[in-house]
1. Taking LYS300 as the anchor, which lysines have their alpha carbon closer than 18 Å to its alpha carbon, excluding any fewer than eight residues away along the same chain?
2. Grab the other residues whose beta carbon is less than 13 angstrom from that of LEU96, score K and R as +1, D and E as -1, and report the net.
3. How much length is gained if the chain between VAL164 and LEU212 is pulled fully straight, taking 0.36 nm per residue apart and subtracting their Cα-Cα distance, in nm to one decimal?
4. So, with +1 on the Cβ of K and R and -1 on the Cβ of D and E, and no other charges, what is the size of the charge dipole of the chain about its Cα centre, to the nearest 20 debye?
5. Enter the angle in degrees (range 0 to 90, nearest 10) between the Cα long axis of helix 193-206 and the first principal axis of the Cα atoms of the chain, meaning the one along which they spread out most.
6. Where does the chain land at 222 nm, in deg cm²/dmol rounded to the nearest 500, when only DSSP H runs of n ≥ 4 count, each adding -39500 (n - 2.57), divided by all residues?
7. Once R0 is set to 51 Å, what does the formula 1/(1 + (r/R0)^6) return for the Cβ-Cβ distance between VAL368 and LEU198, expressed as a FRET efficiency to the nearest 0.05?
8. Just to confirm a number: summing +1 for Lys and Arg and -1 for Asp and Glu over residues other than GLY147 whose beta-carbon lies under 11 angstrom from that of GLY147, what do you get?
Amino acid sequence: MFTTFRNAWKVPELRKKILYTLLIILIFRIGCHIPVPFLDTTVLSSMISDGGNFLSYMDILSGGALSKGTLFALAIQPYINASIIVQLLTYALPPLENLQKEGEEGRKKLNTITMFVSLAISLVMSYAYYVTQRNNGAVKYTSGASGVFAAFVIVAAFTAGSCVVVWLGNRINEKGIGNGISMILFAGIVSRGPSSVLAMFELVKSDKKYILIVPVVLIVFVLMIGFIVFMNESERRIPIQYAKRVVGRKQYGGQNTHIPIKVAMSGVMPIIFAMAIMSLPATLEMFIPVKADPVGFWQKFYAGFVHFFSYQSGWYAVLYFILIIAFNYFYVAMQYNPIEIANNLRQNNGGIPGIRPGKPTSDYIQRVLSKITLIGAVFLGVIAIFPIFTNLAMPQLNIAMGGTSILIIVSVVLETVRTLESQMMMRHHKGFLE
């Protein structure tokens, strides 16, 4: 990885792209420290630090900007949600499916649709965030004309900040090293790293019993990074053999190749889906607080329901694990169509050795996909729930979302390295005339 970055730095054009990307990231981090007016940041910090709700998850993705009530508090979360919605709709609505098949022009139109959906989600999330802050006493003006003006400024600031973050990501795509949205997400999560490490050292200073526990936890996280890299690079290769055919005096085909199937092909998307579902009850508690002394069936049922979905409950991790597996199968089913792959192979005179063309080929690909998907789903589930159990055993460490953060960081770094390697390969290719 470091060799790739060093070699890329030696290429003048890539060096400019890297510096431009770093400039955009710097602008993003500056925006994460510009406060939005009329908000009490102390109330915000205490409200989000409780954990177990969707705001805690969003605060991690925004690099702590949400708990500080800054301009980029929503970060790229609206755009991620919009991308997921549009991607799902492409499989449900024929017009969007046709746009996806139109190539570059279709992708541009889909990106435009995603932008408008992201703007609508930003408005909704900004208003919901304002209502949550107002209900928890984090807004300084809540009544009269001043209250209306404060609400307008807060919602407008959060919405504009979200749009600016997406614009910054697009600038990285056009003039930087690429993967703009992922780089913004990466910068937000990494920015919390130093503070988390310092918090662990402060914990060791305050309580000597953690002097051995904290180094062990850090070693485990390093091993987890290696495990994630290994699983991200792992793939199952289905052998493909093309039949020979003669056209005129030339012979075509006859070569052997393979279909690569990634073990972790869905990336972090199943975790994001599962986290969104699991955080809904705890987020609902922010609007309808649980009473200290619940009376009656419904109050006791509501209190037990919210407790069941809290980070302090072991059942949370179990259900979280099951949802990750389910969403992983769902996401892979959307990405891979064994019947279409089998038809394409038959049309191109290709086939899997020992497997008949047509339905037997699609059934074989489906069986392989099911096994690989299960391995990838278990991998994602273990990465997601291991820090949760660690947090239940040692809540002072506050690492409940550590596995998801590491998975996102490692995935972005690997994708960035592959992008730089491909760009360097293009520039060092000798071409056909030399």
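Coordinate-derived values only; no laboratory data. Bear in mind that the values here come from a model prediction, so they are computed numbers and not experimental data. Glycine gets a Cβ as well: all are built from the backbone with ideal geometry, and neighbour counts include every protein chain shown.
1. Partners found: LYS291.
2. +1
3. Once the chain is fully extended between VAL164 and LEU212, it gains 12.9 nm.
4. For this selection, approximately 1420 debye.
5. The answer is roughly 50 degrees.
6. Helix contribution divided over all residues of the chain: -23000 deg cm²/dmol.
7. 0.65
8. With Lys, Arg at +1 and Asp, Glu at -1, the net is +2.
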